[in-house]
Amino acid sequence: TSSFEWKSRLESSSVFKPVVVTINPDNSAEIVVQDSSHIIYLLNRQGRILWQKQLDGLILGDIHQVDRYKNGKYQLLFNTTTTLYLLDRNGNDTERYPLGFRSSATTGLGLFDYDKDKNYRIAIPHIDRSLSMIDIEGNNVEGWNFKTTDAVLTTPVQHFRLGVKDYLLLGDTLRIYILD
């Protein structure tokens with residue numbers, strides 16, 4: 001026989017992989033999951049639902065933990081096809097969020113913290129083949145002037161560094177792009 005420590009009942013079936021997060025003040029592990037009704041839940045280590053929130057669609061890509069206010073208190077950052085969410089520890093939207101997209105997202109966001117100083121950059125690929133680049137406050141990144149890809153981006157944008165130079169790697173159904 002198998003044994004388990006706990007189980008939790010959601011409103012409908014789970015459709016998003018459970019993600020372990022540490023957004024509470026004591027840094028203990030909690031679990032985020034989404035159901036087929038587009039409700040996101042935060043569960044504690046005993047399986048109790050701490051909060052739940054209705055979203056406008058399924059979460060694309062990953063759920064990222066960010067420290068928007070640089071105070072050691074983390075938030076959850078993720079997107080659906082139409083919206084970028086930044087939720088606080090209690091499941092509430094943070095200032096200026098949620099942000100609606102002018103063109104639907106095709107995949108999860110890419111999150112970058114180039115110098116590990118919590119000056120986040122968020123890349124969002126869109127169905128119109130454009131790529132938005134915003135900061136954590138929701139403002140367009142100054143100087144970002146990438147036009148469009150040849151086809152729709154199918155994977156989140158990735159970041160890598162060679163020496164002191166930063167690059168973004170993105171791929172659509174036709175090509176791979178490396179941007180400096």
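General remarks:
- Tabulated pairs, segment 35-59, first open to solvent by 40 Å² or more (accessible area, probe 1.4 Å), second at pLDDT below 95 and among the small types (Gly, Ala, Ser), C-beta under 8 angstrom, 6+ apart or interchain: Ser36/Ser12; Ser36/Ser13; Ser36/Ser14; Ser37/Ser12; Arg45/Ser28; Arg45/Ala29; Arg48/Ser8; Ile49/Ser8
- Residues satisfying the stated conditions in segment 136-155, i.e. of a type outside the set (A, V, I, L, M, F, W, C), open to solvent by 50 Å² or more (accessible area, probe 1.4 Å) and either in a loop (DSSP other than H, G, I, E, B) or over 18 Å from Ser104 (Cα atoms) (or both): Glu137, Asn139, Glu142, Gly143, Asn145, Lys147, Thr148, Asp150, Thr154, Thr155
- In segment 117-135, of all residues being touching an Asp or Glu at 6+ places or on another chain (Cβ under 7 Å) and touching a residue at least 24 places away in the same chain (Cβ under 8 Å), the one that is surrounded by the fewest Cβ atoms within 10 Å (Cβ to Cβ) corresponds to Lys118.
- Some residue of segment 5-24 being open to solvent by 40 Å² or more (accessible area, probe 1.4 Å), of a type in the set (Val, Ile, Thr), in a strand (DSSP E or B) and touching a residue at least 40 places away in the same chain (Cβ under 8 Å): no
- The strands (runs of 3 or more DSSP E) located wholly in segment 78-131 include none with 1 or more residues which are over 27 Å from Ile31 (Cβ atoms) and modelled with pLDDT under 95.
The values are calculated or read from the model by the stated rules, or taken from the named source; none is laboratory data. Predicted, not measured: the structure shown is a model, and the values here were computed from it. Backbone-built Cβ (ideal geometry, glycine too); neighbour counts: all protein chains shown. For the accessible areas, the whole protein counts, side chains as well, though only heavy atoms, and no ligand, DNA or RNA atoms are used. Shrake-Rupley method; radii C 1.70, N 1.55, O 1.52, S 1.80 Å.
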